[in-house]
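**Student:** Quick one: the structure is below, questions incoming.
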Amino acid sequence: MTRDHSPAPRPGREGLERALVETCAMSSDWAPTFAAVDRAAFLPGLVWPFDMERGTSVSVDRAADPGAWYAAADSNIPIVTQWDDGKHSGTEPGRVSTSSSSMPSVVYAMLRTLALDDGMRVLDVGTGTGETAGALFHRCGPGRVTTIEVDRSVSERARERLATAGLHPQVVAGDGRDGYAAAAPYDRVLATVGVREIPGTWISQTRPGGLIVAPWGTHYSHADAVARLVVGDGEASGHFTRPVEFMKLRAQRLSLPGHGEYVPPEGMARADTSTTTVTEAGFVTGKHTAVPFALGLRVRDCAQADHVTQLRLEARVCGQLEDLHLPIGGTLPKCDPFGTPSTSPWTDAAITVRSPRTKICTVTTSGTSTRPMRFSLAG
């Protein structure tokens, strides 16, 4: 049984369970596991819930705001728990999210796809917070679940939280690409990290007729699709079930060259171009569609890049709410963007964009503290 650390009652958690069942993201046979394995019990005190619409993460500290923290834990959103492979510090978001608690609807849909039967042995690749491994242990029982995590500190924290919750899968610190032969063969392999190719070790460590369920995609974008593969004699084949987006298996990350290594001095002037009569409205049906994934299938050896030339800052300049269009690395007006004209002008301001997806940039100025500012990208 899990230990409840949360204030009662939790209407958000009850509403989440109801929504998962009503939308068929979670099948009824997984409802007892959802009730027993509380996502909140596996989250650290400082988390960064991800806003799917705005594409931003904002820190929430349980000690400072327990209401907001539990509201995030009980919402159907991904929650970042680590930035920059653990090298990040502070409360502001880092550059690249590298460990998280996935959306409950995605997790339980993948568990449903796994089609578990009693007594099956499961390999869980990408321990993360430990919640998925805990759910598998609750369903399969002792001695049936092995979970592997490449980041030793993440693995150890997950082990501690699992033990506190009374859940005891075998927790291994190692490269998930290699699987874990010592506990093979498995009836099921579940990956909660995105892969660009299915490792042969997963196939060889799964019994014939077993299933591999993993997010697969190309280097073109972060868009993945859940692959449900049936293992045969040295091979695995199947189909995709739904579009998703996961952090990538670290061993399969793409190392991109520097911008100057592939862009000539004259820039894009001599680049090959092509056009189409198809408008964006003709094939884009909204955010988080399968379009980037489908495009990646056509150009799987290419990586999508964002060409950004300006920042559009929305700030108060000399008391007036204005839009500022600044080049990357540009300077701010010689007044305080958050109030009245400054006696110490904001000169030599440095603009730092963490990633093309974030909507918060860092503004560092002479003689002042670092301030966050909201912006949108242009160019």
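**Student:** Is it the case that the range 89-112 has a residue that's in contact with a helix residue (DSSP H, G or I) (Cβ under 8 Å, 6 or more places away or on another chain), of a type in the set (K, R) and modelled with pLDDT of 95 or more?
**Tutor:** Of the range 89-112, the ones in contact with a helix residue (DSSP H, G or I) (Cβ under 8 Å, 6 or more places away or on another chain) are 94-96, 98-99, 101-102, 104-105, 107-108, 111-112.
Among the residues that remain, those that are also of a type in the set (K, R) are: 95, 112.
Those still in the list that are modelled with pLDDT of 95 or more too: 112.
Among the residues of the range 89-112, at least one is in contact with a helix residue (DSSP H, G or I) (Cβ under 8 Å, 6 or more places away or on another chain), of a type in the set (K, R) and modelled with pLDDT of 95 or more, which makes the answer yes.
**Student:** For residues that are of a type in the set (K, R) and at positive phi, tally how many sit in the range 84-135.
**Tutor:** Number of matching residues: 0.
**Student:** Name, by its number, the condition in (1) touching a Ser or Thr at 6+ places or on another chain (Cβ under 7 Å); (2) part of a loop (DSSP other than H, G, I, E, B) that does not hold for Y70.
**Tutor:** So the condition that Y70 fails would be (2).
**Student:** Going residue by residue through the range 184-192, is there one that turns out to be among the hydroxyl-bearing types (S, T, Y), under 24 Å from the mean Cα position of the chain (by Cα) and open to solvent by less than 20 Å² (accessible area, probe 1.4 Å)?
**Tutor:** No: zero hits.
Yes or no, residue by residue, for (1) open to solvent by 30 Å² or more (accessible area, probe 1.4 Å); (2) within 17 Å of the chain's Cα centre (by Cα):
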{"site": "D84", "(1), (2)": "yes, yes"}
{"site": "S101", "(1), (2)": "no, yes"}
{"site": "G126", "(1), (2)": "no, yes"}
{"site": "T132", "(1), (2)": "no, yes"}
{"site": "V145", "(1), (2)": "no, no"}
{"site": "R157", "(1), (2)": "yes, no"}
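**Student:** Suppose we filter the range 237-269 for residues that are farther than 29 Å from A25 by Cα and either modelled with pLDDT under 75 or hydroxyl-bearing (S, T, Y) (or both); how many remain?
**Tutor:** 15
**Student:** I've got another one for you. Would you mind telling me which numbered condition in (1) at pLDDT 95 or above; (2) surrounded by 20 or more Cβ atoms within 10 Å (Cβ to Cβ) G141 fails?
**Tutor:** Going through the list (1) at pLDDT 95 or above; (2) surrounded by 20 or more Cβ atoms within 10 Å (Cβ to Cβ), G141 breaks only (2).
**Student:** Taking the range 38-59, which residues are among the small types (G, A, S) and more than 17 Å from G130 (Cβ to Cβ)? Steps first, please.
**Tutor:** Of all residues in the range 38-59, those among the small types (G, A, S) come to 40-41, 45, 55, 57, 59.
G55, S57, S59, listed by residue number.
**Student:** Among the numbered conditions (1) in contact with a Leu (Cβ under 8 Å, 6 or more places away or on another chain); (2) open to solvent by 10 Å² or more (accessible area, probe 1.4 Å); (3) closer than 23 Å to S155 by Cβ; (4) hydrophobic (A, V, I, L, M, F, W, C), tell me where A115 comes up short.
**Tutor:** All conditions are met except number (3).
**Student:** Evaluate the following for I198: is it open to solvent by less than 10 Å² (accessible area, probe 1.4 Å) and either free of Cβ contacts under 8 Å to residues at least 40 places away in the same chain or part of a helix (DSSP H, G or I) (or both)? Full working, then the answer.
**Tutor:** Working: open to solvent by less than 10 Å² (accessible area, probe 1.4 Å): no; either free of Cβ contacts under 8 Å to residues at least 40 places away in the same chain or part of a helix (DSSP H, G or I) (or both): yes.
So I198 does not fit the description; no.
**Student:** Here is a list of conditions, (1) more than 18 Å from V150 (Cβ to Cβ); (2) open to solvent by 20 Å² or more (accessible area, probe 1.4 Å); (3) among the acidic types (D, E), and D74 meets all of them except one; can you say which number that is?
**Tutor:** (2)
The values are calculated or read from the model by the stated rules, or taken from the named source; none is laboratory data. Bear in mind the structure is a predicted one, so any value in this text is a computation, not a measurement. Cβ coordinates were reconstructed from backbone atoms using ideal geometry, including for glycine residues, and neighbour counts include every protein chain displayed. These accessible areas exclude ligands, DNA and RNA; they are computed on the full protein's heavy atoms, side chains included. Shrake-Rupley method; radii C 1.70, N 1.55, O 1.52, S 1.80 Å.
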